1. Could you check how many residues of segment 418-431 are assigned to a loop (DSSP other than H, G, I, E, B), touching a strand residue (DSSP E or B) at 6+ places or on another chain (Cβ under 6 Å) and more than 24 Å from Ile297 (Cα to Cα)?
2. Among the residues of segment 408-420, is any in contact (Cβ under 8 Å) with a residue 12 or more places away in the chain and within 30 Å of Tyr3 (Cα to Cα)?
3. Applying the selection to segment 2-25, what residues are of a type in the set (Lys, Arg) and either more than 16 Å from the ligand (Cβ to nearest atom) or at pLDDT 95 or above (or both)?
4. Assess whether Phe425 counts as being out of contact with any helix residue (DSSP H, G or I) (no Cβ under 7 Å at 6 or more places or on another chain) and touching a residue at least 24 places away in the same chain (Cβ under 8 Å).
5. Does segment 411-433 hold any residues that are more than 21 Å from Phe314 (Cα to Cα) and either among the hydroxyl-bearing types (Ser, Thr, Tyr) or under 26 Å from the mean Cα position of the chain (by Cα) (or both), and which are they?
6. Looking at the structure I just gave you, is Phe293 touching a residue at least 60 places away in the same chain (Cβ under 8 Å), farther than 30 Å from Ile446 by Cα and in the same structural domain as Val109 (by TED's automatic domain parsing)?
7. Where the second residue is surrounded by fewer than 22 Cβ atoms within 10 Å (Cβ to Cβ) and not in a helix (DSSP H, G or I) and the first is outside the structural domain of Thr406 (by TED's automatic domain parsing) and among the aromatic types (Phe, Trp, Tyr) and lies in segment 435-459, which pairs have Cβ atoms under 9 Å and are six or more apart or on separate chains?
8. Any residue at all in segment 246-257 that is part of a helix (DSSP H, G or I), more than 16 Å from the ligand (Cβ to nearest atom) and out of contact with any Asp or Glu (no Cβ under 7 Å at 6 or more places or on another chain)?
Amino acid sequence: MKYHSEIERRRSFAIISHPDAGKTTLTEKLLLFGGAIQTAGAVKSNKIKKHATSDFMEIERQRGISVATSVMTFEYKGILINLLDTPGHKDFAEDTYRTLTAVDSVILVIDSVNGVEEQTRRLMEVCRMRDTPVIVFVNKMDRDGKNRFDLIEEVEKELSIHLHPMTWPINSGKDFKGVYNLDNKSLRLFAASTKAEEDDVLHISDLSDPLLDEKLGERDAAILREDVELVDGVHGELHVADYLAGKVAPVFFGSAVNNFGVKEMLDTFIRIAPTPRSRETSKRKVDVEEDRFSGFIFKIHANLDPKHRDRIAFLRVCSGKFERNKYFHHVRLDKDVRFSNPYSFLARSKDVIEEAYPGDVVGLFDTGNFKIGDTLTEGEDFYFTGIPSFSPEIFKEVVNKDPMKTKQLEKGLLQLTDEGVAQLFTQFGGNKKIIGCVGELQFEVIQYRLLQEYGASVEFKAQPYYKACWLTSKDEKKLQDFTRFKSSNIAEDKDGHVVYLAQSEWFLNTERNNNPDIEFHFTSEIHKADQ
Ligand code: G4P
């Protein structure tokens, strides 16, 4: 319990959204409230422009920006907030999934015009797997969006989560007049604001207050009264326990670009969002209040300068105190390591830090010792679980165009896949190397980086697979037989685990039906426990 007060004042979260819904804009407004930036426009969008799949310089530039904006730490009303950035581009979705393992809650931004979009759906699936508490921000209320009730219904249905409106909008688009705060019964009239000041809020004792008619006009006041009656009738009070269990998501309406409705959300966030939570490991649950340090690597970022191979590994502290220059136990390598220049990300600049506490993210210089999921402790052997690799969706064989550079290629492939840029499979009984990614853009990045950073020139040959499944069986013999019979579809992942590469859903289902003694897993998580 030594670090109780440090833990109590921390909140670590990520903002997730479909590209263009307003994640960057909202981030900027939150930083403004946190005093981390002084003017709007200071946060550069780190999204890779949607169609610029071949603009490598752009990718490189973005990689540089995204190191700086990977974690943004700021303080608001005495609470230390760690905001972890997630890449907007869908081809880097796996990066986002992993970042979600390092946060305790998320804010989901939905565009009121477009409603639930594809990527929102997938990201929410990951949140649901972990029962991550979610707050929803319905953005762009200054545009003619969907009907508010329809939107709520759509989100609830599409994302399988109950919503609990905390504010309620008065019209949208040109007629947008503001939001009514259902919690503290106040009205905030719509006005664009670029500063982080307290805006004027009208407190109204009850909805029959004639001030409402005066400010909104009779028609809109009447609509609001009707809406609120309906919403209150359906939703009642917010039960914070349901939010913390990931069952109910409080929802706010606003306009990020106008800095409207953001403060209501932030104030609620610091009141109800979870403090750093205890976490499961392969051996036991690690209580966040334990005195002994533990943490795990959830992201690795290559150095921008190709002459330097070092990378930055992002460590999430899970218990105890991280200290500069203190030896910690690297579980996978079974060796003790210490860090002389650990970084924190306060106010968007990198600063060397002396110590860090649960919920914090520390940037560690790495010369190739880390891969995603690695655990550091004060001596105990365990792995944090819940950091899976998901099945890739596109598979390509790596064709070496320059046999003189075979060694460099192998090294590059290992390092890039350690970073989690892609997954590497080696075909059973052969030497064929297959790379699996979630998006085409990643192949271009890999090809480019292999050449730039390792001098290895490659081409990719498309492979007819649609999914990779990790195989286990209680009956070792059955598993061996299966891998022998199906050898052309069997590969090993980087850790030597057996993987079945399925050509189609039909093949996969057939094999599952024909081999009831073999289990087909869709994430690599299953192997963590016995490593
Ligand atoms: P993202 O990070 O989720 O991809 O979204 P981002 O914040 O970059 O926002 C996408 C676009 O939506 C931006 O416009 C941004 O200004 C706009 N936007 C954000 N919030 C609101 C809002 O509340 N109302 C309206 N009407 N627009 C909003 P852009 O034209 O793509 O970029 P920019 O030139 O304005 O930066």
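The values are calculated or read from the model by the stated rules, or taken from the named source; none is laboratory data. Predicted, not measured: the structure shown is a model, and the values here were computed from it. Please note: Cβ atoms are built from the backbone with ideal geometry, for glycine as well, and neighbour counts cover all protein chains shown.
1. Pass one, segment 418-431, residues assigned to a loop (DSSP other than H, G, I, E, B): 419-422, 428-431.
Those still in the list that are touching a strand residue (DSSP E or B) at 6+ places or on another chain (Cβ under 6 Å) too: 419, 422, 428.
Add one more test, that the residue is more than 24 Å from Ile297 (Cα to Cα), and what stays is 428.
Going through segment 418-431 one residue at a time, the tally reaches 1.
2. Here is the first cut: in segment 408-420, the residues in contact (Cβ under 8 Å) with a residue 12 or more places away in the chain are 408-409, 411-420.
Among the residues that remain, those that are also within 30 Å of Tyr3 (Cα to Cα) are: none.
Taking every residue of segment 408-420 in turn, none turns out to be in contact (Cβ under 8 Å) with a residue 12 or more places away in the chain and within 30 Å of Tyr3 (Cα to Cα).
3. In the first step, residues of segment 2-25 are kept if they are of a type in the set (Lys, Arg); the result is 2, 9-11, 23.
If the condition is that a residue be of a type in the set (Lys, Arg) and either more than 16 Å from the ligand (Cβ to nearest atom) or at pLDDT 95 or above (or both), then Lys2, Arg9, Arg10, Arg11 are the ones that fit.
4. On the way: out of contact with any helix residue (DSSP H, G or I) (no Cβ under 7 Å at 6 or more places or on another chain): yes; touching a residue at least 24 places away in the same chain (Cβ under 8 Å): yes.
Yes: the conditions hold for Phe425.
5. Taking segment 411-433 as the starting set, the residues that turn out to be more than 21 Å from Phe314 (Cα to Cα) are 411, 424-433.
Answer for segment 411-433, where residues must be more than 21 Å from Phe314 (Cα to Cα) and either among the hydroxyl-bearing types (Ser, Thr, Tyr) or under 26 Å from the mean Cα position of the chain (by Cα) (or both): Leu424, Phe425, Thr426.
6. No; evaluated as a whole, the condition is false for this residue.
7. Pairs that qualify, where the first residue is outside the structural domain of Thr406 (by TED's automatic domain parsing) and among the aromatic types (Phe, Trp, Tyr) and the partner is surrounded by fewer than 22 Cβ atoms within 10 Å (Cβ to Cβ) and not in a helix (DSSP H, G or I): there are none.
8. Of the residues in segment 246-257, the ones part of a helix (DSSP H, G or I) are 256-257.
Now narrow it down to the ones that are more than 16 Å from the ligand (Cβ to nearest atom): none.
So far as segment 246-257 goes, no, none of its residues is part of a helix (DSSP H, G or I), more than 16 Å from the ligand (Cβ to nearest atom) and out of contact with any Asp or Glu (no Cβ under 7 Å at 6 or more places or on another chain).
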